[in-house]
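Comments concern the structure below.
The values are calculated or read from the model by the stated rules, or taken from the named source; none is laboratory data. All figures in this text were calculated on a predicted structure; none of them were measured in a lab. Here Cβ is always computed from backbone atoms with ideal geometry, including for glycine, and neighbour counts include all displayed protein chains. Accessible surface areas use protein heavy atoms only, side chains included; no ligands, DNA or RNA. Shrake-Rupley method; radii C 1.70, N 1.55, O 1.52, S 1.80 Å.
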Amino acid sequence: MPITEHLIELRRHLIKICVAVLVIFLALAGFSRELYNFLSDPLVAQLPANSTMIATDITSNFMAPIRLTVFVAAFFAMPYILYQIWSFVAPGLYKKEKKIAIPVLLSSIFLFYAGVAFSYFIVLKGVLKFFIMFAPQNVLPMTDIDSYLSFALKLFMVFGLTFEIPVVTLLLILTGIVSIQSLEDKRRYIIVGCFAVAAVVTPPDGVSMLMLAIPMWLLFELGLLLAKILIKEERTPVLSTTNKE
């Protein structure tokens, strides 16, 4: 296909993605305050009895829940978004590549959702408790709703993308960019790299750093294990055919 037809096809898929996100957003817009209440529950549970959240900007009461609703709409539309990306890329793939790509696509969706759920139900509570616990006695924590939203969304995205490590590791090995042996030889450096990345992308506390670095390491090991299993399965039929001949 000429480049112009590729661009037209890409535009068609992007329009479908935008329409899907918009439809879900409109369906959720009436529940924007309830969604923000759900997001802020972990923080409100940690605040002192006489403390509350505040809005330092006159538009924050409206814009913060709307921003969250847009994120939630994109979050729920993620399977459809990835399907549209797959539909655009699939015609250019070989049969063997398509066979690998479908499980990778499905596992990517599951792992992203798992990462966001892990950050909300486990990490967020521990991080907020840590920060509030170390507040000086003469300081009353009263977090701005817009600042808290930015903090939470950043945390969700970091953990959602981090949980894609097994897929990335698997793809790097299957495409021949790296080998299993080279990753095993560099395991100690990769572990140090996990802690370094966690220290940069997480809030400045040891709790969130450990809760990101340790899963990153374990997910890397999972990707390495899956690659070993897949490569072993691919070699077994070849060896069987050779022995018969």
Would you calculate the convex hull of the Cα atoms in region 25-99 and tell me its volume per residue in Å³? 140
Asp185, Asp57, reordered so the largest accessible area comes first (probe 1.4 Å): Asp185, Asp57
Counting just the Cα atoms, what span does region 73-137 cover along each of its three principal axes? Round to the nearest Å and put the largest first. 63, 23, 14
Within the set Ile102, Ile17, Ile229, GNM on the chain using Cα springs under 10 Å gives the largest fluctuation to Ile229
Of Leu149, Thr175, Phe71, which is farthest towards the positive pole of region 68-188's charge dipole, taken about the Cα centre with +1 and -1 on the beta-carbons of Lys, Arg and Asp, Glu respectively? Thr175
To the nearest µm²/s, what D does Stokes-Einstein give for the chain at 10 °C and 1.306 mPa s, using the Kirkwood radius over alpha carbon pairs as Rh? 75
Taking the chain and dividing mean pair separation by its residue count, relative contact order in percent (alpha carbons under 8 Å, at least six apart): 21
Report the semi-axes of the equivalent ellipsoid for region 12-156 in whole Å, largest first, where each axis is √(5λ) for an eigenvalue λ of the Cα gyration tensor. 37, 19, 10
Keeping the other protein chains in place, figure out the carbon and sulfur percent of the accessible area of region 40-103, with a 1.4 Å probe. 67
Is there a quick way to get the dipole size of region 35-171? I mean about its Cα centre, with the Cβ of Lys and Arg at +1 and of Asp and Glu at -1; what is the value in debye to the nearest 20? 580
Pull up all non-local amide H partners of Asp144: gap of 5 or more, or a different chain, and H-to-H distance under 5 Å with H placed in the peptide plane. Ile54
The chain, dipole about Cα centre (Lys/Arg Cβ +1, Asp/Glu Cβ -1), debye to the nearest 20: 560
Return a single number: how many Lys pairs in the chain, at a sequence separation of 8 or more or on separate chains, have alpha-carbon atoms below 27 angstrom apart. 21
Cut-off 10 angstrom, C-alpha nodes, Gaussian network model of the chain. Which of Thr169, Thr56, Thr143 fluctuates the most? Thr56
Whole-Hz ³J(HN,Hα) from phi, Karplus 6.51 cos²θ - 1.76 cosθ + 1.60, for region 17-22, glycine and proline x: 5, 4, 5, 4, 5, 5
Any chance you could give the angle, 0 to 90 degrees and rounded to 10, that helix 165-174 forms with the longest Cα principal axis of the chain? 20
One point scatterer per Cα, no solvent, Debye formula: log10 I(q)/I(0) for region 120-218 at q = 0.10, 0.15, 0.20 Å⁻¹ comes out as -0.37, -0.70, -1.04
